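Everything on this sheet refers to the single structure shown next.
The values are calculated or read from the model by the stated rules, or taken from the named source; none is laboratory data. This one's a predicted model, so the numbers in the text were calculated from it and none came from an experiment. Don't worry about glycine lacking a Cβ; one is built from the backbone with ideal geometry, like all the others, and counts go over all protein chains shown. To get the accessible areas, we keep the full protein, side chains included, count just its heavy atoms, and leave off ligands, DNA and RNA. Shrake-Rupley method; radii C 1.70, N 1.55, O 1.52, S 1.80 Å.
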Amino acid sequence: QVQLVESGGGLVQPGGSLRLSCAASGIIFGIYPMAWFRQAPENQRALVADISRDGRTTYADSVKGRFTMSRDYGKNTVYLQMNSLKPEDTGVYYCNVALTTDRSFWGQGTQVTVSS
């Protein structure tokens, strides 16, 4: 059974930092790309960052230079380091793994709120 468990969200002031974690189980972690999505209120879920099985990353334009995604193969965990946070980064952050083009799994989400 595939499970993704996110943690690390919270309330932070503009300019602050947070690190999100997503622990994966039920999959051979090292062979699948992983991704972080964000869903702001009244918006669709949007891709923030993804990482290939060998660690190559891509980012949405809105977070380039501020967010860093990484993966720890020993801990079956991916991370999203978020620096210089802005109010528009507020939303629920979801971890995702796509085993095939039509078989995808999501975590429960973790809330990030950037506000003074």
Legend entry - Verdict on Pro41 being within 17 Å of Ser84 (Cα to Cα), open to solvent by 60 Å² or more (accessible area, probe 1.4 Å) and over 12 Å from the mean Cα position of the chain (by Cα): no
Inset, instruction - Please find, within region 80-110, the residue that is surrounded by the fewest Cβ atoms within 10 Å (Cβ to Cβ) out of those that are among the aromatic types (Phe, Trp, Tyr) and within 22 Å of Gly16 (Cβ to Cβ). - result: Tyr94
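Each row is one residue, and each column tells you yes or no for (1) in a strand (DSSP E or B); (2) closer than 16 Å to Ser7 by Cα; (3) aliphatic (A, V, I, L, M).
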{"residue": "Leu20", "(1), (2), (3)": "yes, yes, yes"}
{"residue": "Ala23", "(1), (2), (3)": "yes, yes, yes"}
{"residue": "Pro41", "(1), (2), (3)": "no, no, no"}
{"residue": "Ala49", "(1), (2), (3)": "yes, no, yes"}
{"residue": "Gly65", "(1), (2), (3)": "no, no, no"}
{"residue": "Val92", "(1), (2), (3)": "yes, yes, yes"}
{"residue": "Gln111", "(1), (2), (3)": "yes, yes, no"}
Legend entry - Single residue of Thr77, Thr113 found to be open to solvent by 20 Å² or more (accessible area, probe 1.4 Å), closer than 14 Å to Gly8 by Cα and in contact with a Ser or Thr (Cβ under 7 Å, 6 or more places away or on another chain): Thr113
